[in-house]
Amino acid sequence: MKEVRDPQGGLLLKQGGYLDTVAYLNSVRAFLERENNFLEEQVTDNVTVTHDGVHFKNYLSDRVVYCTGTHQNSLFSWLPIRPLKGEVLLISTDRTDKMIINRGVYVVPHIKGQWRVGATYNFGDLEPTTTTKSREELLARLGLLIHFPFKVIGQQWGLRPTTPDRRPILGQHPENPRVWTMNGMGTKGVSLAPYFADVLIHSMENGGSLNKEVDIERYKSLYWTS
């Protein structure tokens, strides 16, 4: 692709790809709704745990798993989940290439005539809005990577749930074995979440131990107070 600035040479990876998370989540939600396995409710702390199970309204389950990202509930507020803000740009171009360009910034096809450009990393800014600073940063990086014409048509922001050691957090609450968490997927959540969801379910159902690098126990001695 001659419109990419790559004076040192690069690699063409033919077995890569990306996931449209919005389309994916909408599809999963539609599937769960068809199976009557989806309930849209504001849970927050309205869950009661007793000797016979976990109660929420008229529902009873054996266990509950909190996957709340940066919105920690009171049971796991002691965990060191650190929000990391990121911003992306949406650009329009007449390019029709079906490829991902990546060096210092990624450029990913979105829909016909549109590409996504990202992303920034900012621990210090947690304001719920996009910023001129991030826009300029992304445009500067983009200018070092490509030289085909484009127009910025949008900008988005989000918060990633990160941890001090950059590892996810999985496991049981220190005082209640019915309460579990899966969090801290950080910047690689799309690839990490499916794998660790399987790991967590296996541990819950079969009593298997969790890898110490992701086990909640590594933070218990540092942050937990009963």
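Just so it is clear, none of the values below were taken in a lab; they were calculated from the coordinates. None of the values given here were measured: they were computed from a predicted structure. So basically every Cβ, Gly included, is an ideal-geometry build from the backbone, and we count neighbours across all protein chains shown.
The alpha-carbon atoms of the chain define a convex hull whose volume equals 175 cubic angstrom per residue. Close Lys pairs in segment 1-135, defined as Cα atoms under 22 Å apart and 8 or more places apart or on different chains, number 7.
What number, rounded to the nearest 500 deg cm²/dmol, is the helix-based mean residue ellipticity at 222 nm of the chain, given -39500 (n - 2.57) per DSSP H run of at least four residues and division by all its residues?
Result for the chain, helices only: -7000 deg cm²/dmol.
The local environment of residue 47, defined by Cβ-Cβ distances under 15 Å, has a net charge of -2 under the rule Lys, Arg +1 and Asp, Glu -1.
Each peptide in 94-106, 21-33, 173-185 was scored by the mean count of other Cβ atoms within 10 Å over its residues; highest first, the order is 173-185, 94-106, 21-33. Were the residues from residue 139 through residue 111 laid out at 0.36 nm apart, the gain over their Cα-Cα distance would be 8.1 nm. Counting Lys and Arg as +1 and Asp and Glu as -1 over every other residue whose Cβ lies under 13 Å from the Cβ of residue 143, the net charge comes to +1. Straight-line reach from residue 220: taking Cα to Cα under 16 Å and skipping same-chain neighbours fewer than 8 places apart, the lysines in range are 212. The Cα atoms of segment 18-67 define a convex hull whose projected area, averaged across directions, is 4.6 nm².
Seen from residue 213, the other residues with C-beta closer than 9 Å to its C-beta sum to a net charge of +1, counting Lys and Arg as +1 and Asp and Glu as -1.
Quote to one decimal, in nm, the extra length available between residue 35 and residue 190 on full extension: 0.36 nm per residue of separation minus the C-alpha distance between them.
Between residue 35 and residue 190, full extension yields 53.4 nm more.
Summarising the strand pairing of the chain, around 90 percent of its internal DSSP beta bridges are antiparallel. Once both axes come from the Cα atoms, what is the angle between helix 132-143 and the longest principal axis of the chain, in degrees from 0 to 90, rounded to 10? Taking the Cα atoms of the chain, the angle to 132-143 is about 50 degrees.
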